[in-house]
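Down below is the structure, laid out as structure tokens.
A short reminder: the numbers here are calculations on the coordinates, not readings from a lab. No experiment lies behind these values; they were computed from the predicted model shown. Note: ideal-geometry Cβ built from the backbone for every residue, glycine included; neighbour counts use all protein chains shown.
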Amino acid sequence: MHEQLREGFQAQMQAEFESAYLYLAMASYCAHQGWMGCAHWLRIQWQEELGHALKFFEFLLDRGVQPELRALQQPAHAFGTPLELFTKVLEHEQYITGRIHRLYRQAIELEDYPAQVFLQWFVDEQLEEESQARAIVEQLRQIGESPVGIYLLDRELARRKAEED
Ligand code: OFO
């Protein structure tokens, strides 16, 4: 694997672990606020991010590279209202999408075909993750300050199921 891409993959594995860590911190905050549905949704997101990190881990091994586990950035402790929190989720996913697209561009430039195929899954996944977060932000905007609205959305988020893959 080209050195530049190898470093990009190592850094992205770390970013995925940091995403997991961020969502678990958000889950902890929500549970403490009594927003149990939000907490549940974020815990599933945490698991998904761990899955993403492990995909990078396995891919590096398959390419003969030893995955390097680096220190993770400490996430925030408080995240504001549900609207503020989910806006941060959306912004974080947009940030990750930017990173994935840069990696994909690099894989094309360096003519690394397995990396391109691997990253294609993440391109699709990011589209889905952004769309899910955007839908929740939109609902929360419509709900505004209504405690009943937030209660009902929280109940809906409690129904999120873990994905198979
Ligand atoms: Fe949220 O998709 Fe990975 O980071």
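Here are the numbers:
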| read-out | value |
| --- | --- |
| Between the stretch 123-138 and the stretch 2-31, the Cα center-to-center distance that results, in Å | 17 Å |
| Charge-dipole axis of the chain as Lys and Arg at +1 and Asp and Glu at -1 on Cβ define it, positive-most pick from Val123, Met36, Ala20 | Met36 |
| Taking the chain and dividing mean pair separation by its residue count, relative contact order in percent (alpha carbons under 8 Å, at least six apart) | 30 percent |
| log₁₀ of I(q)/I(0) at q = 0.15, 0.19 Å⁻¹ - the chain, Debye sum with one point per alpha carbon | -0.82, -1.17 |
| R0 of 35 Å, Cβ-Cβ distance Arg102-Gln47: FRET efficiency to nearest 0.05 | 0.85 |
| Hull shadow area, averaged, the stretch 1-85 [alpha-carbon convex hull, nm²] | 5.8 nm² |
| Listed peptides 12-19, 43-50 by packing density, highest first (mean Cβ within 10 Å) | 12-19, 43-50 |
| Approximate spin-label separation Gln33-Ala162, in nm, with each point projected 7 Å along Cα-to-Cβ | 2.5 nm |
| At least 18 Å along the helix axis (C-alpha) and Kyte average at least -1.0, DSSP helices within the chain | 3-33, 36-62, 82-109, 113-143 |
| The stretch 86-150 - Rg (one decimal) and Dmax (whole number), Cα, Å | 16.0, 53 |
